[in-house]
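> Once you've had a glance at the structure underneath, I'll fire off some questions.
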Amino acid sequence: MLSYWLRLGLLLVLPTAIFAEEKPCTVHDSANNYYDLNPLRTSKDHQFETDGGHTVYLNLCGGIKTKPWNTGLDDDSHVDIAGLVRRDHGDFAIGLVNTTLEVKDGGLMLRQSQGSPCTGVEDERGSSTILFICDMSVYSAGKPVLLDSWPSGEDRACHYELEWRTHYACPVGERGFFGGLIVFLTISIIIFLMAFMVISTIYNRFVLRQRGFDQLPKFTFGHAREVWEVSSEFVHALVDYVAAAWNTRPSGFRHVNSASHHWTSRDEEEALRSSDPLGPNPEYAHGTEEGD
Ligand SMILES: *[C@@H]1O[C@H](CO)[C@@H](O)[C@H](O)[C@H]1NC(C)=O
C-alpha cells in the first residue's frame, strides 16, 4: 500500500519541481521579484526607424513574423531571427532569438547574437542588446529606441544597443514555488478532510449502522484509522477489479470476492454480526447452520 501512496505523491510533486525552473522570457531577481516579457511577443512585429530611415522589425521570445530577405544567414527561413534592419540590398539580422533574460541595474537585459555576417569585419555577426526599463506610465507595450550602433554608417552597422521602456518590464505577481506548494497543500487538506467526512459518515451509517448524531464524522485517531483502513481496502479492491476487467481474464475477478475481505475493526465486525446474522462472513454463516 505504501508504494501506491509514494508513487501518487511523486506524481503530484514532480510538476511543481519543474515549475521551479525559469520559464522562457521570464526571470526572478535577487529579491525574488518576477518578470515576464512574454506579452511583448506579438503577432505583428514591433517596428521603428533608424536615423537613416531604414525600418527595423523586432519580435520577442520568438522569431520575427516579417519574411526575411537576403540576410546572409545559411537559411533565412529555418532560423529564428529576433530582429532585422531592412536595408537596400537585403535584410540585416541583428541577432537570433534568445529567451534568457538577465537582471541588470535598472532593468532587464536581453542579448541577441549570431545575426547576419558584418560588412567589412571578418568573423563578426550582427548582434543587439535590449535593456528593458520598468515604466508604469507606458501603459501599452511601448516602443524600442535605438541608443547606439557601431561601426558607424547605416550600411556597416553591426551591433545595436536598444532601450525599451514598458510596464511589462515591471515585476508582476507570480505564485512562486512555495506559494504554489502552500496552495497545493491547502487544497489537498481540504479535499482530504471532505473525503474523510463523507467516508466517515457512510462508514458510521452503513457499516456501524449508527443513527442520528452518532453517524456524523468522528475526529478521533482510532476512528480515523478505521476509516483509513476501510478506504485503503476499497482502493485495493477497486484497483484489482479494474486490472482484472482490463485483462478480461475471468480468473482475474477472483481477487475481488468477498472472502478476501478481512475485518478491519471490532466495531465493524460486531455491527455486522448483530444486524445481519447471515452476513458475508462465511465462517459465521456456516456456524449458525451447524447450530440449527
Ligand atoms: C542569451 O542570453 C544569455 C544571457 O544574457 C547570454 O549569456 C547568451 O550568450 C545569449 N545567447 C546567445 C546565443 O546570444
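The values are calculated or read from the model by the stated rules, or taken from the named source; none is laboratory data. Here the structure is a predicted model, which is why all the values come from computation and not from measurement. Neighbour counts are summed over all protein chains in view; Cβ atoms, including those assigned to glycine, are modelled from backbone coordinates with ideal geometry.
> Looking for whichever is within 13 Å of the ligand (Cβ to nearest atom), touching a residue at least 12 places away in the same chain (Cβ under 8 Å), surrounded by fewer than 18 Cβ atoms within 10 Å (Cβ to Cβ) and among the β-branched types (Val, Ile, Thr) here; the options are 97, 79. Which one fits?
Just one listed residue meets the conditions, 79.
> Here is a further query. Any idea which residue in the range 113-143 is farthest from residue 57 (Cα to Cα), counting only those that are within 16 Å of the ligand (Cβ to nearest atom) and among the acidic types (Asp, Glu)?
123
> Quick test of your reading of the structure: residue 198 fulfils all but one of (1) of a type outside the set (D, E, K, R); (2) modelled with pLDDT of 90 or more; (3) within 28 Å of the chain's Cα centre (by Cα). Name the failing condition by number.
(3)
For every residue, the table says whether it meets (1) over 25 Å from residue 101 (Cβ atoms); (2) modelled with pLDDT of 90 or more.
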residue	(1), (2)
4	yes, no
7	yes, no
25	no, yes
30	no, no
36	no, yes
41	no, yes
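> Looking at residue 74, is it without any contact (Cβ under 8 Å) to a residue 24 or more places away in the chain and assigned by TED's automatic domain parsing to the domain that holds residue 108?
So residue 74 fits the description; yes.
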